[in-house]
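Encoded as structure tokens, the structure appears first; notes follow it.
The values are calculated or read from the model by the stated rules, or taken from the named source; none is laboratory data. All values derive from a computational prediction rather than experimental measurement. Note that we place each Cβ from the backbone using ideal geometry, even for glycine, and neighbour counts take in every protein chain shown.
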Amino acid sequence: MTSVVHDFQTSLSKSLSLNDEGYWIKFYLSIWPEMLSCVRLDANSKWQKWGVDRMILLPGGRQVFIDEKMRFPNPKTGVSYDDFLCEEWSVFQNRVGVKVGWTLDREKRCDFIAYAIPGIGRCYLLPFELLRITSELFFPSWKDVPRAYPKNAFNGEYVTRSCAVSWDLLFDSMRKIMTRNFGGFPLQIPPPTLNGDKAHFQWTIPRKL
């Protein structure tokens, strides 16, 4: 078991510091050079509760919502991590999960996670829904990786519990979610149920993917 002590307000203030704003904008411009605006959402609002730190407006009218995460160096050694910290429980207290971690949160409304590791000068842009589904399905096997779980960060009276996942393992797991079987089984059109001038079909599809 690995444990690190954090103060939530200190970590929040660090992540909201404007010192890194230029790096964030440069990162987003490298992906969307045509973006019209890059709005940072710091104030306490529903956007924050929905996991949205950034709104980017593109010329075609599309808005992109992003949750920004930063993986800071080990506070004891100063050594930078180079892995993905999958947050299982945002609040883990008295050996019980109280609030689900952001990685598994079905209520989040962001499109992407921007996962920055300042110590190695790298940032990953991850599609959130794909990341969430992957984490949900593969978390049990990730926990069995030696020294990966649990990673506990103490925040006063509670613990934030996570699992450290290598990027190779994460991306391999995401590829498995992205690629599924298609076809390969007989499919017949079922007889319709007529309701006035409308026909309703009840399909029975094999559950195995």
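Could you go through the stretch 154-177 and let me know if any residue there is modelled with pLDDT under 95 and assigned to a loop (DSSP other than H, G, I, E, B). Within the stretch 154-177 (the criterion being modelled with pLDDT under 95 and assigned to a loop (DSSP other than H, G, I, E, B)), the answer is yes, since at least one residue qualifies. Under the condition of being closer than 26 Å to residue 21 by Cα and in a strand (DSSP E or B), the residues counted in the stretch 60-96 number 13. For beta carbons closer than 9 Å, sequence separation of 6+ or different chains, a first residue in the stretch 97-121 that is in a helix (DSSP H, G or I) and a second that is aliphatic (A, V, I, L, M), the qualifying pairs are 102/113; 103/85; 103/113; 103/131; 118/70; 119/79.
Under 19 Å from the mean Cα position of the chain (by Cα), at negative phi and hydrophobic (A, V, I, L, M, F, W, C): does that describe residue 66?
So residue 66 fits the description; yes.
Any residue at all in the stretch 169-176 that is within 22 Å of residue 95 (Cβ to Cβ), surrounded by 16 or more Cβ atoms within 10 Å (Cβ to Cβ) and not small (Gly, Ala, Ser)? Taking every residue of the stretch 169-176 in turn, none turns out to be within 22 Å of residue 95 (Cβ to Cβ), surrounded by 16 or more Cβ atoms within 10 Å (Cβ to Cβ) and not small (Gly, Ala, Ser). The sole residue among 95, 132, 71 that is modelled with pLDDT under 95 and surrounded by 13 or more Cβ atoms within 10 Å (Cβ to Cβ) is 71.
Total residues in the stretch 122-153 satisfying the condition of being hydrophobic (A, V, I, L, M, F, W, C) and assigned to a helix (DSSP H, G or I): the figure is 8.
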